[in-house]
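Engineer: Here you go, one structure.
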Amino acid sequence: MANRSGAAQRPNGTQGKICQFKLVLLGESAVGKSSLVLRFVKGQFHEYQESTIGAAFLTQTVCLDDTTVKFEIWDTAGQERYHSLAPMYYRGAQAAIVVYDITNQDTFGRAKTWVKELQRQASPTIVIALAGNKQDLANKRMVEFEEAQTYADENGLLFMETSAKTALNVNDIFLAIAKKLPKYDQNQGQSGQGQGRRLAEGDQGAKTPGNCCK
Amino acid sequence: MLSVHQDVLQIIQAKFSSFEIVKSVHLNVSILGEYWSEQHHILAVVAYHSNSALFLFSSKKPKPFHLSDLIIEAVIPIDENFECLSDPIPGEHNYLLFVVRYRKVSFEFRIKIGPESSNFASEIVKSKERFLSEESDKRWLLKYTDLYNSLENTELKSQLDDIPFIRQKMAQNQNSINRDSMLKYQLKLKEPEFTQYQEFTLFIGTWNVNGQLPSISLKPWLSSDDDPPDLYAVGFQEIDLSKEAFLFNDTPREAEWEKMVLDGVHPKAKYRTVALTRLVGIQLIVLINTKHYQYIRNIAVDTVGTGLLGKMGNKGGVAIRLELHNTSLCFVNSHLAAHVEEFERRNQDYKDINARINFRKYPTAIKDHDQVYWLGDLNYRITELTTSQVKTLLIRNEMAALLRADQLNQQKERGNVLLDYNEADITFPPTYKYDLNSDTFDTSEKARPPAWTDRILFRGKGIYQLAYRSHMELRISDHKPVSAIFKSEISVINQAKYRKVHEELLKRMDKLENEFLPQVTVDQTEVKFDLVKFREPQFRDIIIANTGQVPAEFEFIKKLDEQSYCKDWLRITPYCGTVNPGEKCDVRLEVNLESDLTELDDILVLHLNGGKDMFIIVSGKGQKSSFTTSMSALCRAPMPIMNLSEIQWKKIVALEGEVLYSIPRELWLLVDHLYKYGLAVRDLFESNSTQESFVKIRDWLDFGSTEPLPGSVETIAETLLIFLSYTKEPVIPFHLHDVAIAASSNYQSCKNIINQKLPDIHRNVFLYICMFLQELLRHSNENGYDAKTLASLFGEILLRDPIRNSKPQASRENLVSFIIF
């Protein structure tokens, strides 16, 4: 007779905070932004991923030790002709992944421009990660790991080389971002448009990934 | 059907196809259980041929005014798995509980009893009967649920079979609370996978201390066992019988007894107070072994007085609730009405306490807890036996006979009190009434028969009682303390397993959420227009097809820092709308060029509410026209502008080269034609010429021709108005607009502006037009125009607002009429 309403009781001591963040992917076209998202969200990889014309939207949750982080992911079109629309997506974003293709030096240059634009135009507290994608094609590498690492260090970016094809570092880069984002309890707040409501809570730093709770 | 809700029925009907008939609706339904947001809810029975389903809507308003106020929250097929029943709600005579079950899922709705509810219930019964006689076909529901066919993953499918509904809000990401509720609900279902039972020892004690001071150690009562319990719940009654305590509910004894309890607990463990609550003399303390303290949550207390006037605190109950690990516990200490004959009053006190204790957070009532321990001076006596008979039976140890005469046992058996509570066998002597400081039953004149007034009962699963006894050594009161030891199974969460289940659920929900995001495709993301010509609209249709599983609300949205969702030469109809799954929507993009743009470019952002954005590039080339070229440039063109070479064109646009004409050639051609053929034409400027005839005149002017000017005089008159309306600068240039308006009431100032401030060509045009108008007025008998009409017609063309359509029109009329005369 107890609990006849059938409603659940809150499991004791297990409900961590739930935080929701808007994350945007930027980078030259064909560097693998959509593939990274597809790998992260659905665990899939398509050799011939269609070009994104617009801004695709997906959500994915990751669990940290004490928090659940829900990402609202905006995967933007990389083609230059849509450049002027990018601010619609990175404005109000709490996190960005700037992607380049390690086999193409130009895309690295373009990534740096994106980083600069974000540093100028986006929220000053935005967490930026640099992803050198297509690591599976390392034998055709045109961008040295050290070069990108140095650049990332100088600019305070998270950095990983990733492969949407082999899944290398894909979950890890999202997880590293989740860890670096300042957490606050959004249970009461509105979800929505990732309007940069945040506390000036010290972030946990970009620890090496791996202690994921899965 | 109640006529008052006919309007709502129609609104709801609009959500359905014409074969899906809304049979009955019920407004103002509230849903029991914690995990539904407090929205307005409406139930509807919808029939499709012989099949029916119950739809649960949430509404932004108590009574919806429009389709968009309603969101489908749940769809429950009325078929062989559908069960419904109604229950009274204790204490609420006007409402009843309407319970709907579908397989393992149940909903509980609180609805008001009345014609609406009986009408609704009978419609459900009819639907169910109709179903039983026909064959089941749930396919029509798929578009509302989309659960059975959309998911290939069979594991997921079996999960979803438990839930015959979908919350679109969750899918559309509008409300994270819903997702949260769903998660909690699912976690509850999966609880056995990540919890295990662990036995905790609970010590429950009760003592009516008869207002005596706490002067003796409680160790013989609280620490009489070898091993320390994990938790203590210790209740006292009558800790203070003073008037002050009764009137102000304040007594120093509270802290004194708490200290005595803390001093008296088992020495082999450390304890800490979880909660203490008191009503006058009824006090309850819960202590926990400190090592378990961190696993206690959601502590709440409440008290209920049932004494004088049914409210006062001389009698009543106090309660403490908490969660230990994953099990909810409730402890109630009650002191019920006294006197042998008042057993019904005691029953009533129990019922009142049970009904009125409200912890103000979920679960709010005593009965909603996994385990309840009810202790106290329940005051039930031994009836039908005299004092001496009782004493004799006690000496003979004939407990069974005595217990049969116990009122609590009798009342409980009849279902009047503490129904479905358990009590261990009583093996100890009655705990009341003793002479103070003795083990002797009452020797006063009254010589009350001994009774087991002090009792401990329990309710819930996994509770095993190890001891039930009284403690004779404590003699300061006329009652003896009683205690009970329980081994109780507490559900403990295995964090590692919990995480695994939690994360799996989150993944599943992410998957669901992503699958239920609105999805559409657009048949073209680049729309190219042919050469776009002045005032010759073109359109292209794009098709938005909903390829997702939920209705897609689309809207063309503004880009950052832009005024509108598209450029002013473009029109999108409709610019927003809803497309149902599997359906399509045509959107028309129409360009109409009214400026000198040569490159038409725009990127449209097609946004899906709660989902992605798509970009659509619109492009085209604009063809130049004399209509949108400045008059100063036209006066430099030696030939129709389409015949100019690119170099010549650039030169005249840059206003280089000689001025060849005092007014644009095109203007002269139009006006001259009207001089010749139009002066005497009635209502000359009121033509409704066709697009086609305008285009002919435009091309005749822009390309030149040896043919005579095509079209009727009315069309040519209209073309003149258009020509003057679109010239790149109006005849009174924009920069003089305000000056001209300010001067409009003064003829001389107007004249000065015209003569001194207007550029030559503009002045020429102005005067030329005025002369033409004067000529028209000379023929006003034939053409029917008077000065005022013409002034207002030409005023707003010659003196155009920088922003179209704003209007100090009278002033313009003035200005022009001054000139005309």
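The values are calculated or read from the model by the stated rules, or taken from the named source; none is laboratory data. Quick caveat: nothing in here was measured; it's all calculated off a predicted structure. Positions of Cβ are generated from backbone atoms using ideal geometry, with glycine treated the same way; all protein chains shown enter the neighbour counts. Keep in mind that these areas ignore ligands, DNA and RNA; they rest on the heavy atoms of the full protein, side chains included. Shrake-Rupley method; radii C 1.70, N 1.55, O 1.52, S 1.80 Å.
Engineer: For residue A:84, work out the one condition from (1) away from chain B (no Cβ under 13 Å); (2) part of a helix (DSSP H, G or I); (3) surrounded by fewer than 22 Cβ atoms within 10 Å (Cβ to Cβ) it doesn't fulfil.
Structural biologist: (1)
Engineer: Looking at A:107, A:59, A:125, which is the one that is open to solvent by less than 10 Å² (accessible area, probe 1.4 Å) and in contact (Cβ under 8 Å) with a residue 40 or more places away in the chain?
Structural biologist: Numbers: A:59 fails: in contact (Cβ under 8 Å) with a residue 40 or more places away in the chain; A:125 fails: open to solvent by less than 10 Å² (accessible area, probe 1.4 Å).
Within the list A:107, A:59, A:125, the selection yields A:107.
Engineer: Here's a follow-up. Within segment B:663-684, can you find the residues that are in contact (Cβ under 8 Å) with a residue 12 or more places away in the chain, open to solvent by 50 Å² or more (accessible area, probe 1.4 Å) and under 12 Å from residue B:716 (Cβ atoms)?
Structural biologist: B:675, B:677
Engineer: Here's another thing I want to ask about it. Just to be sure, is residue B:623 open to solvent by 30 Å² or more (accessible area, probe 1.4 Å), of a type in the set (S, T, N, Q) and either at pLDDT 95 or above or closer than 28 Å to residue B:530 by Cβ (or both)? Outline the logic, then answer.
Structural biologist: Values: open to solvent by 30 Å² or more (accessible area, probe 1.4 Å): no; of a type in the set (S, T, N, Q): yes; either at pLDDT 95 or above or closer than 28 Å to residue B:530 by Cβ (or both): yes.
The answer is no for residue B:623.
Engineer: Picking from B:477, B:564, B:483, which residue would you name as being among the small types (Gly, Ala, Ser), more than 14 Å from chain A (Cβ to nearest Cβ), open to solvent by less than 20 Å² (accessible area, probe 1.4 Å) and not in a strand (DSSP E or B)? Break it down into steps so the answer makes sense when it comes.
Structural biologist: On the way: B:564 fails: open to solvent by less than 20 Å² (accessible area, probe 1.4 Å); B:483 fails: not in a strand (DSSP E or B).
Only one candidate qualifies: B:477.
Engineer: Scan (1) modelled with pLDDT of 95 or more; (2) facing chain B (nearest Cβ under 8 Å) for the single condition residue A:37 breaks and write down its number.
Structural biologist: (2)
Engineer: Sticking with this one: Say we look at segment A:62-73 and pick out the residues that are in a strand (DSSP E or B), out of contact with any Phe, Trp or Tyr (no Cβ under 8 Å at 6 or more places or on another chain) and touching a residue at least 60 places away in the same chain (Cβ under 8 Å); which of these is nearest to the other protein chains (Cβ to nearest Cβ)?
Structural biologist: Filtering segment A:62-73 down to residues in a strand (DSSP E or B) leaves A:62-63, A:67-73.
Then drop every residue that is not out of contact with any Phe, Trp or Tyr (no Cβ under 8 Å at 6 or more places or on another chain), which leaves A:63, A:67-68.
Then keep just the ones that are touching a residue at least 60 places away in the same chain (Cβ under 8 Å); that gives A:63, A:67.
Numbers: A:63: 5, A:67: 12 Å.
Filtering first and then ranking leaves A:63.
Engineer: Could you check segment B:341-459 for helices (runs of 4 or more DSSP H) lying wholly inside it with 3 or more residues that are within 23 Å of residue B:322 (Cα to Cα)? Talk me through it step by step, then tell me what you get.
Structural biologist: On the way: elements: B:343-356, B:387-395, B:399-404, B:407-413.
Hits in segment B:341-459: B:343-356.
Engineer: Does any residue of segment B:35-43 turn out to be surrounded by fewer than 18 Cβ atoms within 10 Å (Cβ to Cβ), within 14 Å of chain A (Cβ to nearest Cβ), closer than 25 Å to residue B:185 by Cβ and not charged (D, E, K, R)?
Structural biologist: Yes, segment B:35-43 contains at least one residue that is surrounded by fewer than 18 Cβ atoms within 10 Å (Cβ to Cβ), within 14 Å of chain A (Cβ to nearest Cβ), closer than 25 Å to residue B:185 by Cβ and not charged (D, E, K, R).
Engineer: May I ask you to say which residue of B:693, B:725 is out of contact with any Pro (no Cβ under 8 Å at 6 or more places or on another chain), under 19 Å from residue B:594 (Cα atoms) and of a type in the set (Ser, Thr, Tyr)?
Structural biologist: Numbers: B:693 fails: out of contact with any Pro (no Cβ under 8 Å at 6 or more places or on another chain).
Exactly one of B:693, B:725 is out of contact with any Pro (no Cβ under 8 Å at 6 or more places or on another chain), under 19 Å from residue B:594 (Cα atoms) and of a type in the set (Ser, Thr, Tyr), namely B:725.
Engineer: Working carefully through the options B:448, B:455, find the one that is at pLDDT 95 or above and more than 14 Å from chain A (Cβ to nearest Cβ). Walk me through it before giving the result.
Structural biologist: On the way: B:448 fails: at pLDDT 95 or above.
Selected residue: B:455, the only one of B:448, B:455 that is at pLDDT 95 or above and more than 14 Å from chain A (Cβ to nearest Cβ).
Engineer: Within segment B:416-430, is even one residue assigned by TED's automatic domain parsing to the domain that holds residue B:347, among the polar types (S, T, N, Q) and farther than 20 Å from residue B:484 by Cβ?
Structural biologist: Taking segment B:416-430 first, the residues assigned by TED's automatic domain parsing to the domain that holds residue B:347 are B:416-430.
Those still in the list that are among the polar types (S, T, N, Q) too: B:416, B:422, B:427.
Next, from what is left, pick out any that are farther than 20 Å from residue B:484 by Cβ: B:416.
Within segment B:416-430 (the criterion being assigned by TED's automatic domain parsing to the domain that holds residue B:347, among the polar types (S, T, N, Q) and farther than 20 Å from residue B:484 by Cβ), the answer is yes, since at least one residue qualifies.
Engineer: Report whether or not residue A:130 is touching a strand residue (DSSP E or B) at 6+ places or on another chain (Cβ under 8 Å), part of a helix (DSSP H, G or I) and open to solvent by less than 10 Å² (accessible area, probe 1.4 Å). Can you show your working first?
Structural biologist: Values: touching a strand residue (DSSP E or B) at 6+ places or on another chain (Cβ under 8 Å): yes; part of a helix (DSSP H, G or I): no; open to solvent by less than 10 Å² (accessible area, probe 1.4 Å): yes.
It is false that residue A:130 is touching a strand residue (DSSP E or B) at 6+ places or on another chain (Cβ under 8 Å), part of a helix (DSSP H, G or I) and open to solvent by less than 10 Å² (accessible area, probe 1.4 Å).
Engineer: From the list B:533, B:497, which one is part of a strand (DSSP E or B) and more than 23 Å from residue B:612 (Cα to Cα)? Steps first, please.
Structural biologist: Details: B:497 fails: part of a strand (DSSP E or B).
Unique residue meeting the criteria: B:533.
Engineer: Residues that are within 14 Å of residue B:124 (Cβ to Cβ) and among the hydroxyl-bearing types (Ser, Thr, Tyr): does segment B:66-88 have at least one?
Structural biologist: Yes, segment B:66-88 contains a residue that is within 14 Å of residue B:124 (Cβ to Cβ) and among the hydroxyl-bearing types (Ser, Thr, Tyr).
Engineer: Checking residue B:687 against (1) surrounded by fewer than 17 Cβ atoms within 10 Å (Cβ to Cβ); (2) touching a residue at least 24 places away in the same chain (Cβ under 8 Å); (3) of a type in the set (S, T, N, Q): exactly one of these is not met. Which one?
Structural biologist: Going through (1) surrounded by fewer than 17 Cβ atoms within 10 Å (Cβ to Cβ); (2) touching a residue at least 24 places away in the same chain (Cβ under 8 Å); (3) of a type in the set (S, T, N, Q) one by one, residue B:687 breaks only (1).
Engineer: Looking at B:522, B:550, B:579, B:527, which one is in contact with a helix residue (DSSP H, G or I) (Cβ under 6 Å, 6 or more places away or on another chain) and surrounded by 14 or more Cβ atoms within 10 Å (Cβ to Cβ)?
Structural biologist: Values: B:522 fails: in contact with a helix residue (DSSP H, G or I) (Cβ under 6 Å, 6 or more places away or on another chain); B:579 fails: in contact with a helix residue (DSSP H, G or I) (Cβ under 6 Å, 6 or more places away or on another chain); B:527 fails: in contact with a helix residue (DSSP H, G or I) (Cβ under 6 Å, 6 or more places away or on another chain).
Matching residue, one of B:522, B:550, B:579, B:527: B:550.
Engineer: Tell me, please, whether a residue that is open to solvent by 10 Å² or more (accessible area, probe 1.4 Å), in a loop (DSSP other than H, G, I, E, B) and free of Cβ contacts under 8 Å to residues at least 40 places away in the same chain can be found in segment B:262-270.
Structural biologist: Yes: segment B:262-270 contains one or more residues that are open to solvent by 10 Å² or more (accessible area, probe 1.4 Å), in a loop (DSSP other than H, G, I, E, B) and free of Cβ contacts under 8 Å to residues at least 40 places away in the same chain.
Okay, residues lined up against (1) within 14 Å of another protein chain (Cβ to nearest Cβ); (2) open to solvent by less than 50 Å² (accessible area, probe 1.4 Å); (3) of a type in the set (Ser, Thr, Tyr):
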| position | (1), (2), (3) |
| --- | --- |
| B:5 | no, yes, no |
| B:25 | no, yes, no |
| B:54 | no, yes, no |
| B:68 | no, no, yes |
| B:106 | yes, yes, yes |
| B:115 | no, no, no |
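Engineer: Specify which of the listed residues (A:178, A:164) is aliphatic (A, V, I, L, M), open to solvent by less than 40 Å² (accessible area, probe 1.4 Å), part of a loop (DSSP other than H, G, I, E, B) and touching a strand residue (DSSP E or B) at 6+ places or on another chain (Cβ under 8 Å).
Structural biologist: A:164
Engineer: When the residues of segment B:493-536 are narrowed to those that are of a type in the set (S, T, N, Q) and facing chain A (nearest Cβ under 9 Å), which ends up farthest from the chain's Cα centre (by Cα)? Before the answer, list the steps.
Structural biologist: Applying the first criterion (of a type in the set (S, T, N, Q)) to segment B:493-536 yields B:494-495, B:514, B:519, B:521, B:524-525.
With the extra rule that they be facing chain A (nearest Cβ under 9 Å), the set shrinks to B:495, B:514, B:525.
Numbers: B:495: 32, B:514: 20, B:525: 34 Å.
The residue in question is B:525.
Engineer: Which of the helices (runs of 4 or more DSSP H) found entirely inside segment B:706-765 contain at least 3 residues meeting this: at pLDDT below 85?
Structural biologist: Working: elements: B:713-726, B:737-743, B:747-752.
It comes to B:737-743, B:747-752.
Engineer: I've got another one for you. Which numbered condition in (1) open to solvent by less than 50 Å² (accessible area, probe 1.4 Å); (2) more than 30 Å from residue B:499 (Cα to Cα); (3) modelled with pLDDT under 95; (4) within 12 Å of chain B (Cβ to nearest Cβ) is the only one that residue A:76 fails?
Structural biologist: In the conditions (1) open to solvent by less than 50 Å² (accessible area, probe 1.4 Å); (2) more than 30 Å from residue B:499 (Cα to Cα); (3) modelled with pLDDT under 95; (4) within 12 Å of chain B (Cβ to nearest Cβ), residue A:76 misses (3) alone.
Engineer: Mind checking which pairs have a first residue in segment A:19-46 that is in a loop (DSSP other than H, G, I, E, B) and a second that is among the polar types (S, T, N, Q) and open to solvent by 20 Å² or more (accessible area, probe 1.4 Å), Cβ under 8 Å, 6 or more apart or different chains?
Structural biologist: A:28/A:104; A:29/A:51; A:29/A:79; A:30/A:51; A:31/A:104; A:32/A:49
Engineer: Same structure again: Counting only residues that are open to solvent by 60 Å² or more (accessible area, probe 1.4 Å) and among the charged types (D, E, K, R), which one in segment A:142-161 is nearest to residue A:31 (Cα to Cα)?
Structural biologist: Of the residues in segment A:142-161, the ones open to solvent by 60 Å² or more (accessible area, probe 1.4 Å) are A:142, A:144-147, A:150, A:153-154.
This time we only want the ones that are among the charged types (D, E, K, R), so: A:144, A:146-147, A:153-154.
On the way: A:144: 16, A:146: 19, A:147: 18, A:153: 22, A:154: 23 Å.
Here the residue is A:144.
Engineer: Looking at segment B:297-325 only, could you name the residues that are assigned to a strand (DSSP E or B), open to solvent by 20 Å² or more (accessible area, probe 1.4 Å) and hydrophobic (A, V, I, L, M, F, W, C)?
Structural biologist: B:299, B:301
Engineer: Another one. Quick test for you: out of B:643, B:592, pick the one residue that is in contact (Cβ under 8 Å) with a residue 24 or more places away in the chain and in the same structural domain as residue B:567 (by TED's automatic domain parsing). Give the steps one after another, and end with the answer.
Structural biologist: Details: B:643 fails: in the same structural domain as residue B:567 (by TED's automatic domain parsing).
Testing whether each residue is in contact (Cβ under 8 Å) with a residue 24 or more places away in the chain and in the same structural domain as residue B:567 (by TED's automatic domain parsing) leaves just B:592.
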